[in-house]
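Student: Once you've had a glance at the structure underneath, I'll fire off some questions.
The values are calculated or read from the model by the stated rules, or taken from the named source; none is laboratory data. Just so it is clear, the model here is predicted, and its values are computed rather than measured. Positions of Cβ are generated from backbone atoms using ideal geometry, with glycine treated the same way; all protein chains shown enter the neighbour counts. SASA here: full protein model, heavy atoms, side chains in, ligands and nucleic acids out. Shrake-Rupley method; radii C 1.70, N 1.55, O 1.52, S 1.80 Å.
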Amino acid sequence: MCACTTPHYALALKATAAAVPTGRELVRAMLEECGLEPLTDDATLITAELLGNAIRHGEDVVLLVYVDRERKLNVQVWDPGPGEPRVGAPEELDEGGRGLMLVEALADEWGSMPDVLGGKVVWARVG
C-alpha cells in the first residue's frame, strides 16, 4: 500500500523553461510510486498546461500533487496573478489558447479559486 492518500509533493518553481518538465517528472514519479501509471499521459499533460499558464506571466508558482482516498490524482498550481482562468475560443490558426480546453477534456473536473493570501489556485482532478 502506498502512502499517497495525503498531500504528497509540493514544489516551488521559478518561472523558467525548466518548470514545466520538472513538474511533469514529479507527477510521473509520484504516479509510478503509487501504481497509477495509466494516468501518466493525461496527468502530465494537465500538469504541463496548468504550469505553462501560470509561468507564462513570469511569476513563480507552487505545484501541489497528491492522490486522494478515491485514488484520483489532484494537481494544484498556485500563482500570485489576479484573475480567473477561462477556457479560450481560439481561431483555427491561433497558436495558443487551447491549454484549458485540453485540461477540460482530460480532467474529471477542474476549476480555480482565489487564495486567501493573494493570487489563485488552479486545480484539476483525474482518475
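Student: Kindly provide the set of residues from the range 22-52 that are over 10 Å from the mean Cα position of the chain (by Cα) and either within 18 Å of V103 (Cβ to Cβ) or hydroxyl-bearing (S, T, Y) (or both), ordered by number.
Tutor: T22, L26, R28, L31, L39, T40, D41, D42
Student: Does V87 satisfy the criteria of being touching a residue at least 24 places away in the same chain (Cβ under 8 Å), touching a Leu at 6+ places or on another chain (Cβ under 9 Å) and among the aliphatic types (A, V, I, L, M)?
Tutor: no
Student: Checking the condition farther than 19 Å from T44 by Cα, out of contact with any Cys (no Cβ under 9 Å at 6 or more places or on another chain) and either at pLDDT 80 or above or assigned to a strand (DSSP E or B) (or both), which residue from G58, G88, G81, G111 passes?
Tutor: Selected residue: G81, the only one of G58, G88, G81, G111 that is farther than 19 Å from T44 by Cα, out of contact with any Cys (no Cβ under 9 Å at 6 or more places or on another chain) and either at pLDDT 80 or above or assigned to a strand (DSSP E or B) (or both).
Student: Are there any pairs with C-beta distances below 6 angstrom linking a residue in the range 49-77 that is among the acidic types (D, E) to a residue that is part of a helix (DSSP H, G or I), with the two at least 6 apart or on different chains, and if so which?
Tutor: E49/G99; E49/L102; E49/V103
Student: I would also like to ask the following. Y66 versus (1) more than 18 Å from G119 (Cβ to Cβ); (2) touching a helix residue (DSSP H, G or I) at 6+ places or on another chain (Cβ under 7 Å); (3) in a strand (DSSP E or B): which is the lone unmet condition?
Tutor: Condition not satisfied by Y66: (2).
For (1) in a helix (DSSP H, G or I); (2) open to solvent by less than 10 Å² (accessible area, probe 1.4 Å); (3) touching a Gly at 6+ places or on another chain (Cβ under 8 Å), each residue gets a yes or a no:
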| residue | (1), (2), (3) |
| --- | --- |
| A10 | no, no, no |
| T16 | no, no, no |
| G23 | yes, yes, no |
| A29 | yes, no, no |
| P38 | yes, no, no |
| A43 | yes, yes, no |
| I46 | yes, yes, no |
| A54 | yes, yes, yes |
| V62 | no, no, no |
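Student: Can I ask one more? Is it fair to say L39 is at pLDDT 95 or above and closer than 20 Å to D115 by Cα?
Tutor: no
Student: Open to solvent by less than 30 Å² (accessible area, probe 1.4 Å) and at pLDDT below 95: is that true of L93 in this structure?
Tutor: No: the conditions fail for L93.
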